[in-house]
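The values are calculated or read from the model by the stated rules, or taken from the named source; none is laboratory data. Values in this document were obtained by computation on a predicted structure and should not be read as measured data. Neighbour counts are summed over all protein chains in view; Cβ atoms, including those assigned to glycine, are modelled from backbone coordinates with ideal geometry. Ligands, DNA and RNA are excluded from the accessible area calculation, which covers all protein heavy atoms including side chains. Shrake-Rupley method; radii C 1.70, N 1.55, O 1.52, S 1.80 Å.
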Amino acid sequence: MKRIKKIVAISLFFLLSGCFNQNHSEVVSENEVSVAGGINNSGEAILSYSQYKDLTDRFQSNLIIPEFTLKAESGKNIVIVEKDLTFEKRENLTLDGSRDFANVQPTSYIFIFENQAQSKQIIVRVSFNKNYIGNDLLDWSRLNNYANINEKLASQFDMATLSYKNLIVTVQQLADREANLETTKTAMRAIIKELVEF
């Protein structure tokens, strides 16, 4: 019986201590952090939704990818998805998961850049996340040199994924002939520069 009481007491201690922030003085809800920004458990600052909006506005006016022009951006679109694709969290890719057309708060923005010959596009997607992820290159997907696939089709695609604080930034290159690795790198460097200067 003593052993069970100890286990319950220890579990209760860890449960309660996990609910408080670093100063152990106030409970911070997930929604408050996502709207107001804040500090994660590692002491890293995350962007508030308002800062995310400011950043996407800045991308629209300041992001320059050499030899490419911004041709389109998603604006205040609501992306509707099946709930099972979001681990049962939401049916709309908006801050609160609602479909409030009067107050649209999308968590994903797309910027489409195109070269003058219209033979290549760079698609930049900036997605808001409520949790700190870190600053890193998460993935680089080049599809060439895989067996049993259409090599010509695979060579027309290049994609890299970055994380910045609590944002996920995906950069895709689509080409009518062959995607150029250096073009994607140039776009990535321009994006990283804007993120760091923000």
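Looking at the structure I just gave you, is residue 51 open to solvent by 70 Å² or more (accessible area, probe 1.4 Å), in contact with an Asp or Glu (Cβ under 7 Å, 6 or more places away or on another chain) and either at pLDDT 90 or above or acidic (Asp, Glu) (or both)?
When the stated conditions are applied, residue 51 does not pass them.
Among all residue pairs at least 6 apart or on different chains, which show Cβ distances below 7 Å where the first residue, located in region 56-71, is touching a residue at least 40 places away in the same chain (Cβ under 8 Å) and within 12 Å of residue 124 (Cα to Cα) and the second is part of a loop (DSSP other than H, G, I, E, B) and open to solvent by 50 Å² or more (accessible area, probe 1.4 Å)?
Going by the 7 Å Cβ cut-off, there are no qualifying pairs.
What residue, among those in region 102-146 that are aromatic (Phe, Trp, Tyr) and open to solvent by 50 Å² or more (accessible area, probe 1.4 Å), is modelled with the lowest pLDDT?
Restricting to residues being aromatic (Phe, Trp, Tyr) and open to solvent by 50 Å² or more (accessible area, probe 1.4 Å), the top hit is 146.
Identify, please: which residue in region 147-173 is part of a strand (DSSP E or B) and small (Gly, Ala, Ser) and is, among those, farthest from residue 46 (Cα to Cα)?
160
What single numbered condition from (1) farther than 27 Å from residue 191 by Cβ; (2) under 18 Å from the mean Cα position of the chain (by Cα); (3) modelled with pLDDT of 70 or more fails to hold for residue 99?
(2)
Within region 58-96, count every residue that is within 26 Å of residue 185 (Cβ to Cβ), charged (D, E, K, R) and open to solvent by 80 Å² or more (accessible area, probe 1.4 Å).
2
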